[in-house]
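Asks: Here it is: the structure, laid out below.
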Amino acid sequence: MLQPAVNIMVKAARAGGGVLLRNMHKLDALNVVEKARHDYASEVDGLAEEAIVKELRRAYPEYAVLGEEGGAKPGRGGQSRYTWVIDPLDGTSNYLRGLPHWCVSIALVEGGEPLHGVIFDPLRNELFTATRGAGAQLNERRIRVSERRELTGAMLSTGFAPRERKRVGAQLRAVEALLDSAEDVRRSGSAALDLAYVAAARTDGYFEAGVHPWDIAAGMLLVREAGGRISDFKGATLGPMNVAFAGGRQVVAGNVHIVAPLQKTLVDSGYAKEF
């Protein structure tokens with residue numbers, strides 16, 4: 001049975017997903033802004049976030065909010081130990097081009113640590129949920145990370161963040177090194193779904209740099225609760241999430257057997273040294 005807060009998060013994620021679905025066939029008419037080079041947002045991102053925040057604040061008005069589009073907002077009554085961390089549309093570029101791979105991501109963070117996480121893929125009606133200490137689920141069925149014990153034959157995923165293009169040469173060298181043993185390295189365009197897919201054993205590992213808290217907060221918890229491990233490129237376990245973090249965080253995710261050799265390859269290839 002889902003926790004009461006998770007039920008509210010699911011309702012909010014479905015509300016945001018509904019906004020996205022209703023606007024899918026109006027892409028040519030949407031106002032699109034380039035927040036930074038190759039980093040886009042549309043009016044639909046903002047509308048989805050508004051729908052999400054409305055549902056969350058109806059139930060928990062005292063909690064703070066950190067949204068990709070709306071920024072940081074205090075809860076009613078001032079400072080709160082709880083913060084909603086929201087990405088109303090993770091995979092905006094996919095969405096704007098009609099590529100069917102994007103999602104809504106919501107986490108409830110307590111003292112810098114994700115307490116609950118929800119990732120909703122409206123197109124596939126797939127709902128990933130996790131609660132600290134209570135496991136991870138896909139459509140209310142328990143999920144676990146893969147059991148692969150080495151990089152040989154592994155299916156990995158990564159992303160090329162717009163704000164990390166100056167390091168893309170080093171990243172491509174790391175990809176080349178990984179392909180010596182891995183089956184493939186995929187790039188999907190949604191960090192949240194990449195982490196959800198690691199949690200559900202659809203892929204064996206994931207790495208990316210330049211991610212924001214809203215990109216990874218819910219996915220981090222999913223991987224951990226599915227029995228996986230999250231570290232940075234040099235192998236350090238990611239500590240409490242700073243909700244004011246501006247970007248640049250590095251993430252490596254997978255089961256306990258995959259993370260170590262994946263992280264070692266990032267170091268040996270010279271990619272980790274770039275940070």
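The values are calculated or read from the model by the stated rules, or taken from the named source; none is laboratory data. All figures in this text were calculated on a predicted structure; none of them were measured in a lab. Here the Cβ is made from the backbone with ideal geometry for all residues, glycine too, and neighbour counts use every protein chain on show. Note: accessible area is taken over every heavy atom of the protein model, side chains too, but ligands, DNA and RNA are not part of it. Shrake-Rupley method; radii C 1.70, N 1.55, O 1.52, S 1.80 Å.
Asks: Quick test of your reading of the structure: GLN137 fulfils all but one of (1) modelled with pLDDT of 95 or more; (2) closer than 29 Å to SER42 by Cβ; (3) not acidic (Asp, Glu). Name the failing condition by number.
Replies: (2)
Asks: Follow-up. Given the criterion open to solvent by 10 Å² or more (accessible area, probe 1.4 Å), outside any loop (DSSP other than H, G, I, E, B) and β-branched (Val, Ile, Thr), identify the matching residue among VAL168, VAL198, VAL223.
Replies: On the way: VAL198 fails: open to solvent by 10 Å² or more (accessible area, probe 1.4 Å); VAL223 fails: open to solvent by 10 Å² or more (accessible area, probe 1.4 Å).
Selected residue: VAL168, the only one of VAL168, VAL198, VAL223 that is open to solvent by 10 Å² or more (accessible area, probe 1.4 Å), outside any loop (DSSP other than H, G, I, E, B) and β-branched (Val, Ile, Thr).
Asks: Can you confirm whether SER231 is outside the structural domain of ASN94 (by the TED database) and open to solvent by 10 Å² or more (accessible area, probe 1.4 Å)?
Replies: Numbers: outside the structural domain of ASN94 (by the TED database): yes; open to solvent by 10 Å² or more (accessible area, probe 1.4 Å): no.
In short, no.
Asks: Going by the conditions given, is ARG148 in a helix (DSSP H, G or I) and touching a residue at least 40 places away in the same chain (Cβ under 8 Å)?
Replies: Answer is no for this residue.
Asks: May I pose another question? Filter segment 100-122 down to residues that are of a type in the set (D, E, K, R) and open to solvent by 10 Å² or more (accessible area, probe 1.4 Å), then give me how many there are. Write out each step before concluding.
Replies: Filtering segment 100-122 down to residues of a type in the set (D, E, K, R) leaves 110, 113, 121.
Now drop any that are not open to solvent by 10 Å² or more (accessible area, probe 1.4 Å), which leaves 110, 113.
So the count comes out to 2.
Asks: While we're on this one: Among the residues of segment 70-92, write down those that are touching a residue at least 24 places away in the same chain (Cβ under 8 Å) and open to solvent by 40 Å² or more (accessible area, probe 1.4 Å). Talk me through it step by step, then tell me what you get.
Replies: If we filter segment 70-92 for residues that are touching a residue at least 24 places away in the same chain (Cβ under 8 Å), which is where we start, we get 70, 72, 81-92.
ALA72, ARG81, TYR82, listed by residue number.
Asks: Run ARG132 past the list (1) surrounded by fewer than 24 Cβ atoms within 10 Å (Cβ to Cβ); (2) not assigned by the TED database to the domain that holds ALA13 and report the number of the one that doesn't hold.
Replies: (2)
Asks: Going by the conditions given, is ALA177 closer than 14 Å to GLU225 by Cα, in contact (Cβ under 8 Å) with a residue 24 or more places away in the chain and out of contact with any His (no Cβ under 8 Å at 6 or more places or on another chain)? Show your work before the answer.
Replies: On the way: closer than 14 Å to GLU225 by Cα: no; in contact (Cβ under 8 Å) with a residue 24 or more places away in the chain: yes; out of contact with any His (no Cβ under 8 Å at 6 or more places or on another chain): yes.
Answer is no for this residue.
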